[in-house]
Amino acid sequence: MFKKNDFNNNLLEWYQSNKRSLPWRETTDPYKIWLSEVMLQQTQVITVIPYYKKFITKYPLLTDLADADEEALLKDWEGLGYYNRIRNFQAAVKEVSSKYDAKVPDQPDKFFELKGVGPYIGGAVQSIAFNHALAAVDGNVLRVMSRLNQDARDVTKASVQKSIKEEIETLIPLEAGDFNQALMELGATTCTPRAPKCVICPVQEHCEAYSSHSVFDFPVKKKAKRKKEESYNIFFILNDKNEVLLSKQEDNLLKGMYEFPKYDVDTSIENIEEDLNLSLDQPNIHAGSEKHVFTHKVWYMEAYILYTFSPHENFVPLKQVRELPMSKAMQKLFNLIEV
DNA sequence: GAGACGTGGAT
DNA sequence: TATCCAAGTCT
């Protein structure tokens, strides 16, 4: 391992003069810092900024978010993805509200028990908000550390991440929060995946991969699996009152978001009538098709318009559809019939 | 440990 | 077009 003091000094000095101005760096409120970390999971800074601003305006206090309507939260989160994050976060702040008098626990073991708090969020919040000497190991940090040490282990493995976290915790100086943010900032802006700016790197002299011209060999990751492809027919079922059938997704994928009736391509109209308990008039108008790509699967969707005179509790006026939380997949489809 | 879980941007 | 990546966590 490299010289700890030199490394820390170089890194922290670089951070102080190069850190980006980000909205969550303007607060010391642990709730807001925590909120930003939840939003930043697998999500780029540039994407998070407007959502973070909206949330701290609408829910300035931890108790505001704890007491909010879940569907309203989901609507505000719409487009950010990984929708379980906001459900888990609300469950966690509810617990903080009732159990800890609405004060975010500054004891790591208590904080780690909360829903949605894993090794990264726990370390990030406890170090940035309370200066506890815990590492915050994200994708940036894994890349930086693997290059510094020419660490050829597969960084997608939890065991390797844990090992790197422990190694970093032997390095953490008194300014724990700044140190963690400096490491992440270095990865995000300088030690980047494809075009690292080694010539201006503040810790170049400590980097084994740089000295041996092997920066591009790190980090080592196993290849991503091929996405599963699924095909669906989606139906805009309209009645004579300008309403469309829309129901809340109960499955894990996009849970809580609203969707138009969606069936495997081999499902017959008769089966759909039976499933929805209504009768559908022909003709079946093809409204268009869309492809939607998730992290782990691809949806190929064909949209059709159908009419009915049957009553159903899930009809929503067309003008109110956009007030409900909907995934990008469903929004793309809805755009086919309503601009 | 491995797979589920969104979306958008870069190459 | 295909693939990777982005301040990860849960089951």
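Every number here is computed from the coordinates shown, using simple stated rules; none is lab data. All values derive from a computational prediction rather than experimental measurement. A quick note on method: Cβ atoms are made from the backbone with ideal geometry, for glycine too, and the neighbour counts reach across all protein chains shown.
Below is a table of values for the structure above.
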{"quantity": "Relative contact order (%) - region A:228-337, alpha-carbon pairs under 8 angstrom, separation at least six", "calculated": "37 percent"}
{"quantity": "Computed P(r) (all Cα pairs; region A:215-254; 10 Å bins; percent)", "calculated": "17, 26, 21, 16, 12, 7, 1"}
{"quantity": "Scaled radius of gyration (Cα, divided by 2.2 N^0.38 Å) that region A:89-158 gives", "calculated": "1.33"}
{"quantity": "Local electrostatic count at A:PRO60 - Lys and Arg +1, Asp and Glu -1, tallied over other residues with Cβ under 10 Å", "calculated": "0"}
{"quantity": "Which of A:CYS198, A:CYS207, A:CYS191 has the fewest Cβ neighbours within 10 Å, and the rest in rising order", "calculated": "A:CYS198, A:CYS207, A:CYS191"}
{"quantity": "Sum of -39500 (n - 2.57) over DSSP H runs of 4+, divided by residues of chain A (222 nm, nearest 500)", "calculated": "-12500 deg cm²/dmol"}
{"quantity": "Distance histogram in 10 Å bins (all Cα pairs of chain A, percent per bin)", "calculated": "5, 21, 25, 21, 16, 9, 3, 0"}
{"quantity": "Percent RCO, i.e. relative contact order, over chain A, from Cα pairs under 8 Å lying at least 6 residues apart", "calculated": "16 percent"}
{"quantity": "Alpha-carbon Debye profile of region A:31-168, log10 I(q)/I(0) at 0.10, 0.19 Å⁻¹", "calculated": "-0.36, -1.12"}
{"quantity": "Share of alpha-carbon pairs per 5 Å distance bin for region A:256-320, given as whole %", "calculated": "4, 11, 22, 26, 20, 11, 5, 1"}
{"quantity": "Local electrostatic count at A:GLU229 - Lys and Arg +1, Asp and Glu -1, tallied over other residues with Cβ under 11 Å", "calculated": "+4"}
{"quantity": "Long-range amide H partners of A:GLY288 with built H, under 5 Å", "calculated": "A:ALA303"}
{"quantity": "Region A:1-127, dipole about Cα centre (Lys/Arg Cβ +1, Asp/Glu Cβ -1), debye to the nearest 20", "calculated": "360 debye"}
{"quantity": "DSSP beta bridge pairing in chain A, given as percent antiparallel to the nearest 5", "calculated": "60 percent"}
{"quantity": "Region A:281-335: relative contact order as a whole-number percent, Cα under 8 Å and 6+ apart", "calculated": "36 percent"}
{"quantity": "Translational diffusion of region A:63-107, µm² s⁻¹ [Kirkwood Rh, Cα pairs; Stokes-Einstein; 25 °C; 0.890 mPa s]", "calculated": "223 µm²/s"}
{"quantity": "Over 30 Å between alpha carbons, listed pairs A:LYS103/A:LYS297; A:LYS75/A:LYS262; A:LYS115/A:LYS225", "calculated": "A:LYS103/A:LYS297"}
{"quantity": "Choice from A:GLN41, A:GLN282, A:GLN249 showing the highest fluctuation, given a GNM over chain A with Cα pairs closer than 10 Å", "calculated": "A:GLN282"}
{"quantity": "Long-range amide H partners of A:CYS201 with built H, under 5 Å", "calculated": "none"}
